[in-house]
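Reading through the structure tokens given below for one structure.
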Amino acid sequence: MIRAIIADDEFLERKVFKVLISRYFKEIELVAEAENGRQAIELFDIHRPELIIMDVKMPGIDGIEAIEEIRKRSSRTKFIIVSAYNFFDYAKRALKYGIEDYLLKPVTNEEYITVIGKVIEKIKNEREVNRENLEIKEKFKSMLPILEMEVAVAIMLGDIKKIKQYTSLMNIDINSGFIAIGVINEKSFISDNEITQNLTVNKIQEYIKGVMTEFKPCFISNFVSNKMIFVFPCNTEDKVYETKKYICEKLYKIKNSIENNFKVKMHFGIGDTYSSLPEIKNSYNQALTIVNNIDSFGIDIVDYGDIKVEVINKFEYPYDMEKQIIEKVRLGITEEAIKAFIKIFDYTSERLEGNVKKVKFELLALYFALSRMIYELDKEDEELKDFIMSKEAYYNANTLQEIYYIFEKDIRTISGKFREERNSISKRTLSYAVQYINENYMKEIKLEDVARQVHVSPNYFSRTFKTEYKQSFVEYLTRIRIEAAKKMILKADKSISDICWEVGYNDPNYFTKVFKKVTGQTPSEYREAKTN
């Protein structure tokens, strides 16, 4: 229901309005009546109506003054002014406060019905937009941990494209700045119980994110193997020193607070500033080098710029090798993918002196990359379900041999599935998919339905369809539907609502929006232009 108030000092005018509302507008609930401007303001505070019919000339506070006061409380309330005075200064003052219409008494029923109908439609549209925005916010909030993980992994991999993609969704700008990495000292946990340790890590994570809100829009990841990534934007060279100094002071306070409240030790490494995203990996590697060698410095917070590089036994992750593995897996070249993995495994094991925890952490980015590839395949596949379950095995691996065999098995499984899909889909398959769309566009079909018809996964079908036809599935389906609608519109015996249903849409308003987006005209405008 739409809540409404009428404010008019004439009883008869209020009565006429009440009759009109009850007869023609079932969606309006008349919650109160006001005899003057002061009452209108007081009743607004009580009922918070979405629509107010306001007379201009009333005793005491007039209608315009009441609107001015109410507008301070709400920008969304709609006003329709009713007045017996056709004064320009009244209209000018009213327009200042965004009224919907200005009606001159005596107002006919037709005028009331037309104007109120338009306002109701506007309120409904705004409600729909607000509902959609709320849904988007809720979905974004639920996706935020996933996005944060994706950004963290993209930074670890130096994947600039994905960093841009995900930070854009999160509305943060990290095109220049510096990276810090915070690490929990695993040996400092009081309890050996893994569940207790995980709970402590989660509490520390919440605490850090809470106290670092003043640095927004900086990026702070969740913990990954007891490591937390911070990206602090900083786009002016002259402020770098001051910014780093302030952040170091803040990190010291955080470190001390964590030690006092959670009885866990934490240390931080800070990388040099970068001036463009392609350099972000350097800052990450520098911060990582610090935390991997923190015992060498005797302090818990170290800025890479304050030390001599040669005292550090640097380990640089071989990103090029990793990219080769991913490419070969996606192409289904299993044996070459295994050979590429052996190179990165041997290199990492040797440089990290066989330290299982460090090797497992450094290869975690590769493991996440392989995990994400599952979503391009059919997740209902039993072998892929086994892969998803093997994550626990990876986290629990205690030897280099276990790590190697987990990777080898998973690379063979995923690469084999990609090879199967590459061999299963062809132009003939896509032609059948297009035929199916053309014959069923009037139904409520989805990408998943078409993929099921051609026996491939939705993600793979979507990617292949777009590559072949240079447009997405949704774009193609929309074009087919609108072309069919254009032909039907020229037949005078069909209403726009009927056409909407016949071409696969179930909401005339949405159909009109899509039609106008594609053709530049509403269906009615298109019919009028073509028939005249």
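The values are calculated or read from the model by the stated rules, or taken from the named source; none is laboratory data. Just so you know, these numbers come straight off a predicted model, no measurement behind them. Please note: Cβ atoms are built from the backbone with ideal geometry, for glycine as well, and neighbour counts cover all protein chains shown.
Summary of computed values
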| item | result |
| --- | --- |
| Residue match in the stretch 179-192 (condition: in a helix (DSSP H, G or I), of a type in the set (A, V, I, L, M, F, W, C) and more than 22 Å from LYS263 (Cα to Cα)) | no |
| Lone unmet requirement of (1) more than 28 Å from CYS500 (Cβ to Cβ); (2) not assigned by TED's automatic domain parsing to the domain that holds ALA340 for GLU448 | (1) |
| Residue in the stretch 417-427 that is farther than 23 Å from GLY332 by Cβ and among the hydrophobic types (A, V, I, L, M, F, W, C) present | no |
| Criterion (more than 17 Å from GLY98 (Cα to Cα), free of Cβ contacts under 8 Å to residues at least 40 places away in the same chain and in contact with a Phe, Trp or Tyr (Cβ under 9 Å, 6 or more places away or on another chain)) met by exactly one of VAL16, VAL31 | VAL16 |
| Residues (modelled with pLDDT under 90 and charged (D, E, K, R)) located in the stretch 501-524 | ASP507 |
| Positions within the stretch 414-450 being of a type in the set (Ser, Thr, Tyr) and more than 31 Å from the chain's Cα centre (by Cα), in sequence order | SER424, SER426, THR429, SER431, TYR432, TYR436 |
| Criterion violated by ILE489 - all others in (1) surrounded by 14 or more Cβ atoms within 10 Å (Cβ to Cβ); (2) within 30 Å of the chain's Cα centre (by Cα) satisfied | (2) |
| Within the stretch 234-269, considering residues that are under 29 Å from the mean Cα position of the chain (by Cα) and not in a helix (DSSP H, G or I), the one surrounded by the most Cβ atoms within 10 Å (Cβ to Cβ) | CYS234 |
| Selected residue (only one of LYS255, LYS209, LYS265, LYS203 is under 29 Å from LEU363 (Cα atoms), in contact with a Ser or Thr (Cβ under 7 Å, 6 or more places away or on another chain) and not hydrophobic (A, V, I, L, M, F, W, C)) | LYS265 |
| Single unsatisfied condition, SER168 versus (1) within 24 Å of ASP272 (Cα to Cα); (2) polar (S, T, N, Q); (3) not in a helix (DSSP H, G or I) | (3) |
| Residue within the stretch 216-233 that is surrounded by 12 or more Cβ atoms within 10 Å (Cβ to Cβ), at pLDDT 90 or above and part of a helix (DSSP H, G or I) present | no |
| ALA451 vs. criteria in contact (Cβ under 8 Å) with a residue 24 or more places away in the chain and surrounded by 14 or more Cβ atoms within 10 Å (Cβ to Cβ) | no |
| Filter result for GLU214 (more than 29 Å from LYS357 (Cβ to Cβ), within 25 Å of the chain's Cα centre (by Cα) and without any contact (Cβ under 8 Å) to a residue 12 or more places away in the chain) | yes |
| Subset of the stretch 305-327 [part of a helix (DSSP H, G or I) and either closer than 19 Å to GLY158 by Cα or at pLDDT 90 or above (or both)] | TYR319, ASP320, MET321, GLU322, LYS323, GLN324, ILE325, ILE326, GLU327 |
| Among (1) over 30 Å from SER83 (Cβ atoms); (2) in the same structural domain as PHE79 (by TED's automatic domain parsing) - the single one ILE113 does not satisfy | (1) |
| Among residues of the stretch 357-406, those that are surrounded by fewer than 13 Cβ atoms within 10 Å (Cβ to Cβ), modelled with pLDDT of 80 or more and not in a loop (DSSP other than H, G, I, E, B), counted | 1 |
| Number of the exception - GLY210 against (1) in contact with a Cys (Cβ under 7 Å, 6 or more places away or on another chain); (2) loosely packed, with under 13 Cβ neighbours inside 10 Å | (1) |
| Residue that is among the charged types (D, E, K, R), in the same structural domain as ILE80 (by TED's automatic domain parsing) and either more than 28 Å from GLU128 (Cα to Cα) or in a strand (DSSP E or B) (or both), where the choices are LYS15, LYS26 | LYS15 |
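This table checks each residue for (1) among the small types (Gly, Ala, Ser); (2) at pLDDT 85 or above; (3) not assigned by TED's automatic domain parsing to the domain that holds SER188.
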site	(1), (2), (3)
THR243	no, no, no
GLU249	no, yes, no
ILE258	no, yes, no
LYS263	no, yes, no
HIS267	no, yes, no
GLY271	yes, yes, no
ILE280	no, yes, no
ALA287	yes, yes, no
SER296	yes, no, no
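Conditions tested, residue by residue: (1) assigned to a helix (DSSP H, G or I); (2) under 17 Å from the mean Cα position of the chain (by Cα).
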| site | (1), (2) |
| --- | --- |
| LEU144 | yes, yes |
| ILE172 | no, yes |
| VAL201 | yes, no |
| GLU206 | yes, no |
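Residue by residue, here is whether (1) surrounded by 14 or more Cβ atoms within 10 Å (Cβ to Cβ); (2) in contact with a Gly (Cβ under 7 Å, 6 or more places away or on another chain); (3) in a helix (DSSP H, G or I); (4) aromatic (Phe, Trp, Tyr) holds:
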site	(1), (2), (3), (4)
ILE99	yes, no, no, no
PRO106	no, no, no, no
ILE116	yes, no, yes, no
ASN125	no, no, yes, no
ARG131	no, no, yes, no
GLU138	no, no, yes, no
LYS141	no, no, yes, no
